[in-house]
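Undergrad: Would you mind keeping the following structure in view while I ask a few things?
What follows draws every value from the coordinates through simple rules; no lab data is involved. Note that this is a predicted model, so its numbers are computed, not measured. Here the Cβ is made from the backbone with ideal geometry for all residues, glycine too, and neighbour counts use every protein chain on show.
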Amino acid sequence: MRALTVPPADEIIAPGVRCLVANNPGLMTGRGTNTYLLGEREIAVLDPGPDDARHLERIRESAGGPIRWILVTHTHRDHSPLAAALARATGARVIGRLPPADGRQDEQFRPDDVPRDGARLELGETVLTAIHTPGHASNCVCYLLARERLLFTGDHVLGGVSPVILHPDGDMSAYLASLEKLGSFDFERIAPGHGGVLSAGKRVLDALRAHRLARESKVLAALAPQAQSLDELTARVYDDVPVERHPWAKLTLEAHLIKLEREHRAVRAGERWQSI
């Protein structure tokens, strides 16, 4: 059993915006999932996190007002499962997109409202714009708090690491296109699903896109000599990444290879891949 740790204290990141960190630290979650409380008179909870009774009580105790809305950025199991219990406890409306059927989702997630791309969400004194950003997951939604030029990105943009792209629901082409899409919006800071707030958000997007394209170039270079398996390619393409992260790196590598296959720059023969 994982030992319990003391989560970081509540953090005010902008007027009317606070961050609570769920007690689920780990290799893929960092210090834990960020739960954001928006508003002062009426509260919207963004990414309530895993189904954890202690985190549920902490959210309710920290809210400082009635919780009216629950939003999720996507339905991976470290972000949305607590939405159901929180909605039952508060009567809040749940906002998000339905879970894809890839076996890696919170299959119980059932939103009351599905935000369309570009929708303006008026949540008491908080107004958000919903931006559909498929890639990390097909149902990813980022939320822009325009008055603070603050963008909530879930796992689409993280600090210091590139998110894993999990085929078949994750899609590298869609991910890169979504990064370009976000660049067209007016924001300064990024509030990610894990880790601290990122300043100079546009530069963060540019660096993340450059990193992914540099990794893709490394994939092509590794493919050139001869056909190779995913395991062989992972060892070469991710030789700068700790070995314990290679199982996750292999999943993102596969997403790169599928993108290259669609672009007729790589071909798969059984369990092996080669450039064209």
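Undergrad: Would you mind listing the helices (runs of 4 or more DSSP H) fully within the stretch 157-254 where at least 2 residues are among the hydroxyl-bearing types (Ser, Thr, Tyr)? Break it down into steps so the answer makes sense when it comes.
TA: On the way: elements: 172-182, 201-223, 230-237.
Of the helices (runs of 4 or more DSSP H) lying wholly inside the stretch 157-254, those with at least 2 residues that are among the hydroxyl-bearing types (Ser, Thr, Tyr) span 172-182.
Undergrad: Given the conditions (1) of a type outside the set (Val, Ile, Thr); (2) in contact with a Ser or Thr (Cβ under 7 Å, 6 or more places away or on another chain); (3) crowded, with 20+ Cβ neighbours inside 10 Å, report the number of the one that Leu158 does not fulfil.
TA: Leu158 satisfies all of (1) of a type outside the set (Val, Ile, Thr); (2) in contact with a Ser or Thr (Cβ under 7 Å, 6 or more places away or on another chain); (3) crowded, with 20+ Cβ neighbours inside 10 Å except (2).
Undergrad: Another question, if that's okay. Could you give me the residue pairs with C-beta distances under 9 Å whose first residue belongs to the stretch 78-94 and is surrounded by fewer than 15 Cβ atoms within 10 Å (Cβ to Cβ), whose second residue is part of a strand (DSSP E or B) and among the small types (Gly, Ala, Ser) wherever it lies, and which are 6+ apart or on separate chains?
TA: none
Undergrad: Looking only at the stretch 51-81, filter to residues that are in contact with a Ser or Thr (Cβ under 8 Å, 6 or more places away or on another chain) and assigned to a helix (DSSP H, G or I); which one of those is nearest to Leu166 (Cα to Cα)?
TA: Filtering first and then ranking leaves His55.
Undergrad: Do we find that His194 is out of contact with any His (no Cβ under 9 Å at 6 or more places or on another chain), surrounded by 12 or more Cβ atoms within 10 Å (Cβ to Cβ) and touching a residue at least 60 places away in the same chain (Cβ under 8 Å) in this structure?
TA: Yes, satisfied.
Undergrad: Could you identify the single residue in Arg147, Arg116, Arg97 that is surrounded by fewer than 22 Cβ atoms within 10 Å (Cβ to Cβ) and either in contact (Cβ under 8 Å) with a residue 40 or more places away in the chain or outside any loop (DSSP other than H, G, I, E, B) (or both)? Give the steps one after another, and end with the answer.
TA: Values: Arg116 fails: either in contact (Cβ under 8 Å) with a residue 40 or more places away in the chain or outside any loop (DSSP other than H, G, I, E, B) (or both); Arg97 fails: surrounded by fewer than 22 Cβ atoms within 10 Å (Cβ to Cβ).
Answer to the check: Arg147.
Undergrad: Give the residue, chosen from Lys181, Lys202, that is without any contact (Cβ under 8 Å) to a residue 24 or more places away in the chain and not aliphatic (A, V, I, L, M).
TA: Values: Lys181 fails: without any contact (Cβ under 8 Å) to a residue 24 or more places away in the chain.
Criteria check complete, one pass: Lys202.
Undergrad: Quick check on the stretch 91-140: of everything there that is β-branched (Val, Ile, Thr) and touching a Pro at 6+ places or on another chain (Cβ under 7 Å), which residue is farthest from Leu56 (Cα to Cα)?
TA: Residues of the stretch 91-140 that are β-branched (Val, Ile, Thr), as a first pass: 94-95, 114, 126-127, 129, 131, 133.
Cutting the leftovers down to touching a Pro at 6+ places or on another chain (Cβ under 7 Å) gives us 94-95.
Values: Val94: 15, Ile95: 18 Å.
Result: Ile95.
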